[in-house]
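For reference, the structure discussed in these notes is given below.
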Amino acid sequence: MQYVRLGKTGLNVSPVSFGGIPIQRGTAEDTKAVVDKMEELGINYIDTARGYTVSEEYLGAALRGRRERFILATKSMVRDYAGMKKEVDISLEKLETEYIDLYQIHNIKTADFDKIFGDDGAYKALVEARQEGKIGHIGVTAHSIDDLKRIVKDHAHQIETIMFPYNLVEVQGEEALKEAKAKDIGTIAMKPLAGGNLENWRLALRFVALSGTCDISIPGMGDVGEVEKNASICGDLSPLTDAEWTEIHRLRSELGNQFCRRCGYCAPCTEGIDIPTNFVFANYLRKYGLADWAKDRYASLKVNASACIECGICEERCPYDLPIIEMLKKVEADFAR
Ligand code: SF4
Ligand code: SF4
């Protein structure tokens, strides 16, 4: 495994590392098997979050007796000082460790910056946690380009890493991420598979690894097979071929920018619509020639796109500013054909 330096943290991490969302779907034993395989293949960086239900707990159990062999990162959405102090302690307890390598303030938005970096803010709690030896480094995650630009411009001296969506169809963060890299901030690509919209995982992960934009990517890994596939990329960092670039251009024109990343931030819907699932079924209906299967699944939803009352709450929450109401209308129309 060829490790890369994660900016000013100085940590040496695997270029394709572990994202901890999918392990929520399995058991603690599944997580142990995933961690076993990562240890065997040299994937040494684990990212999770307070918000990923059992993810921290499962990882804590899986890391018993081998914590020091991995670099551990987690994150919290909390904005205030007292809340973040508590969050760090909860993460330490759930992860069964005395030390977390990187703690990130999750999904920061410009409107929250004064709070986060103010006297009563989450950042101050993380600085203290770092002084106390509870955490090693401080990072942030963001979803919108304006927030990314602002953090790089105004707060680069305070943070050591930035995580931002970056993949072959979402390159809008490229310039700001490169600027962050120039300031020696570690750059981490979230959603390297565009929230599951990119099926060619090899091409998607090679693109990020070879981009020079992000130091590492953290695709979600829910089973041993995914660990094996993703680790194999680290040994395949030859330049992208002409055929791969042709495919990248094709995917860019097919997907555009308005697609759901399945992040779930829009939930809960006032009417109980599972918004990302509606989009997933519509994708299958449109793209993959699985129309009958998709119609079946859509029909089995207790509440589907047609129940939208256009209250707009989900659109306020979507970090990608998707026109969800219009997109759901299209889903409904496509299934009604
Ligand atoms: S706009 Fe529609 S989909 Fe969004 S929260 Fe309201 S009812 Fe749900
Ligand atoms: S609609 Fe937006 S907030 Fe909801 S899952 Fe998709 S990308 Fe995330």
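Compute the long axis of helix 224-233 from its Cα atoms, compare it with the longest principal axis of the Cα atoms of the chain, and write down the angle in degrees, 0 to 90, nearest 10. In the chain, helix 224-233 runs at an angle near 80 degrees to the longest axis.
With the dipole of the chain worked out from charges on the C-beta (+1 for Lys and Arg, -1 for Asp and Glu) around the Cα centre, which of L95, A176, G20 lies farthest toward the positive end? Of L95, A176, G20, it is A176.
Of the trypsin sites (Lys or Arg not before Pro) found in the range 42-94, those in coil by DSSP whose Cβ has at most 16 other Cβ atoms within 10 Å are R64, R66. Normalised by 2.2 N^0.38 Å, where N is the number of residues, the alpha-carbon radius of gyration of the range 209-337 equals 1.28.
Largest first, the extents of the alpha carbon coordinates of the range 275-336 on the three principal axes equal 33, 21, 16 Å. For the chain, the longest principal axis of the C-alpha atoms and the axis of helix 122-131 are separated by about 40°.
The GluC sites (Glu not before Pro) found in the range 81-182 that occupy coil by DSSP, while having at most 13 further C-beta atoms within 10 Å, are E98, E132. Summarising the strand pairing of the chain, around 15 percent of its internal DSSP beta bridges are antiparallel. Computed over protein heavy atoms with a 1.4 Å probe, the accessible surface of the chain works out to 44 Å² per residue.
When the P(r) of the chain is calculated, the portion above 38 Å amounts to 14% of the C-alpha pairs. As a fraction of the 1.4 Å probe accessible area of the range 101-177, surface on carbon and sulfur atoms comes out at 46 percent. Counting only heavy atoms of the protein chains and using a 1.4 Å probe, V227 has close to 0 Å² of accessible surface. The residues neighbouring I43, those whose beta-carbon lies less than 12 Å from its own, together hold a net charge of -3 under the Lys/Arg +1, Asp/Glu -1 convention. Couplings for the range 259-268, taken from phi via the Karplus curve 6.51 cos²θ - 1.76 cosθ + 1.60 with θ = phi - 60°, read 9, 7, 8, 6, 7, x, 5, 6, 6, x Hz in order; Gly and Pro are left as x.
Relative to the dominant Cα principal axis of the chain, helix 81-94 is inclined by about 90°.
Once all protein chains are placed together, D236 keeps about 40 Å² accessible to a 1.4 angstrom probe.
Dipole size of the chain about its Cα centre, with +1 on Lys/Arg Cβ and -1 on Asp/Glu Cβ: approximately 220 debye, rounded to the nearest 20. Which number do you get for Rg(Cα) / (2.2 N^0.38 Å) in the range 1-87? Cα-based Rg divided by the globular estimate yields 1.14. For the range 149-231, the square roots a ≥ b ≥ c of the C-alpha gyration tensor eigenvalues yield an a/c of 1.5 or more together with a/b exceeding b/c, which makes the shape prolate.
Among residues other than G83 with Cβ under 13 Å from its Cβ, the summed charge is +1 (Lys and Arg +1, Asp and Glu -1). Once all protein chains are placed together, H157 keeps about 140 Å² accessible to a 1.4 angstrom probe. Dividing the summed helix terms, -39500 (n - 2.57) for each DSSP H run of n ≥ 4, by the number of residues in the chain produces a 222 nm estimate of -13000 deg cm²/dmol to the nearest 500. Pairs of Cα atoms nearer than 8 Å and 6+ residues apart set the relative contact order; for the chain it is 16 percent. Annotation: amide H of I100 within the under-5 Å range of I135, G136, sequence separation 5 or more or interchain, hydrogens built in the peptide plane. Global size of the range 125-277: 17.0, 51 Å for Rg and Dmax (C-alpha atoms, Rg to one decimal, Dmax whole).
The values are calculated or read from the model by the stated rules, or taken from the named source; none is laboratory data. Just so you know, these numbers come straight off a predicted model, no measurement behind them. With ideal geometry, Cβ positions are generated from the backbone for all residues, glycine too; neighbour counts draw on all protein chains shown. Note: areas computed on protein heavy atoms with side chains; ligands, DNA, RNA excluded. Shrake-Rupley method; radii C 1.70, N 1.55, O 1.52, S 1.80 Å.
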